[in-house]
Amino acid sequence: MLKRLLIFTFVLCGFYSLQITSLFAHEIKTIHITSTQWKGYTNENGTGVYWEVIKAVFETIGIKVNTKLFPWKRAERTVLIKKSDALLGAYYHKDKELLYPKWHISVEDPIVVIFKKTAISDWKNKGIKSLSGKKVGWIRGYGFEKTLFENTDVKHKELSKISSGLLMLNAGRIDALIDYESEIRPWSNKNNIDLEKDYYMKVAKLGNKLFLAFSNTQRSKKLITIFDDRMDKLVKSGEIENIYLKWGHAKKKFSKDRYTKD
């Protein structure tokens with residue numbers, strides 16, 4: 001009897017969730033999402049694996065996805081001041097005035113530090129602390145000063161794009177550069193910088209989950225309900241993993257088992 005009751009309750013909850021999602025989707029026709037450009041993930045023309053995941057969530061139920069790309073800090077600002085509905089590719093931060101769904105959209109690549117072989121001598125023994133007192137560059141708004149370097153004093157150089165950081169590193173204007181290998185390698189090839197010959201690239205931190213972070217509005221709460229309900233279905237059906245596989249990623253790039261925000 002109890003088993004039947006639990007099954008009935010589960011079906012009833014699923015039906016209620018479907019009804020709420022349909023109601024909100026009928027009410028909301030467009031979602032405005034901002035991000036920065038990551039090649040193959042958030043391309044300027046609206047293609048890329050992240051955009052495809054988002055469109056699978058919203059556009060298949062009639063909500064048009066409008067995309068805008070800015071430098072990261074500006075992209076984040078447009079959501080904080082409620083000029084956009086959501087920021088794609090955000091870390092989970094309790095201290096920010098943003099709303100987060102329960103589902104992530106990706107598990108990021110490991111964060112790497114790159115430096116000339118002659119610049120840092122004691123990485124093997126000290127790891128990230130070997131950068132103490134050094135000039136270290138990373139993209140404006142990434143917030144590594146609050147995470148990677150919370151207990152390490154470095155001279156932070158804000159960058160607007162990774163190509164500038166590579167050129168500064170090559171010229172000796174900074175001692176190290178922090179970003180993702182998937183971002184660094186294309187630009188190093190384009191600028192004829194031989195990473196294997198002259199540089200060390202070390203993993204500074206395994207990747208975090210990335211979220212679609214929403215502006216703090218009543219409209220966003222409805223969009224989050226839609227997002228989580230649709231993600232439940234798309235993850236269960238395997239469609240999300242199939243999108244990542246289609247773009248050449250392993251299943252662990254989404255990693256549904258890493259379900260919590262930690």
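The values are calculated or read from the model by the stated rules, or taken from the named source; none is laboratory data. Please read these numbers as outputs of a predicted model, since none were measured by experiment. When we count neighbours, we look across all protein chains shown, and the Cβ atoms used for this are built from the backbone with ideal geometry, even at glycine. Note: accessible area is taken over every heavy atom of the protein model, side chains too, but ligands, DNA and RNA are not part of it. Shrake-Rupley method; radii C 1.70, N 1.55, O 1.52, S 1.80 Å.
Any idea of Glu241's accessible area? Nearest 10 Å², probe 1.4 Å.
40 Å²
With point charges of +1 on the Cβ of Lys and Arg and -1 on the Cβ of Asp and Glu, referenced to the Cα centre of the chain, which listed residue (Ala250, Asn151, Val49) lies farthest in the positive direction of the dipole?
Asn151
Considering only DSSP beta bridges where both residues belong to the chain, give the percentage that are antiparallel (nearest 5). Walk me through the numbers on the way to the answer.
Values: 18 of 33 bridges.
DSSP beta bridges in the chain are roughly 55 percent antiparallel.
So, for the range 104-262, what is the accessible surface per residue at a probe of 1.4 Å, expressed in square angstrom? Can you show the working numbers first?
Values: 8240 Å² over 159 residues.
With the other protein chains kept in place, the range 104-262 gives 52 Å² per residue.
Return the distance in nm (one decimal) between the two label points of a simple spin-label model at Lys83 and Thr118, each offset 7 Å from Cα along Cα→Cβ.
4.6 nm
If you count, for each residue, the other Cβ atoms within 10 Å and average over each peptide, how do 189-197, 176-184 line up from highest to lowest? Don't skip to the answer; put the middle values down first.
Values: 189-197: 10.8, 176-184: 21.2.
Per-residue Cβ counts within 10 Å, averaged per peptide and sorted highest first, yield 176-184, 189-197.
Roughly to the nearest percent, how much of the accessible area of the range 97-237 is carbon and sulfur, given a 1.4 Å probe? Let's see the in-between values first.
On the way: 3130 of 6850 Å².
Answer for the range 97-237 is 46 percent, counting heavy atoms of protein chains only.
Please list, in order, the residues from the range 61-76 whose amide nitrogen is less than 17 Å from a point placed 7 Å along the Cα→Cβ vector of His156.
The answer is 72-76, whose backbone nitrogens lie closer than 17 Å to the label point.
Of Lys73/Lys155; Lys39/Lys209; Lys94/Lys246; Lys94/Lys155; Lys83/Lys202; Lys83/Lys252, which pairs sit farther than 28 Å apart, going by alpha carbon to alpha carbon? Please report the intermediate quantities before stating the final value.
Details: Lys73/Lys155 19 Å; Lys39/Lys209 18 Å; Lys94/Lys246 33 Å; Lys94/Lys155 26 Å; Lys83/Lys202 38 Å; Lys83/Lys252 33 Å.
Beyond 28 Å between Cα atoms: Lys94/Lys246; Lys83/Lys202; Lys83/Lys252.
Give me the compactness ratio for the range 65-158, meaning the Cα radius of gyration over 2.2 N^0.38 Å. List each step's numbers first, then the result.
Working: Rg = 16.3 Å, N = 94, 2.2 N^0.38 = 12.4 Å.
Scaled against compact globular proteins, the figure is 1.32.
Compute for the chain: radius of gyration divided by Kirkwood radius, i.e. Rg/Rh, restricted to C-alpha atoms, rounded to two decimals. The partial results should precede the final answer.
Details: Rg = 20.7 Å, Rh = 20.1 Å.
Here the Rg-to-Rh quotient is 1.03.
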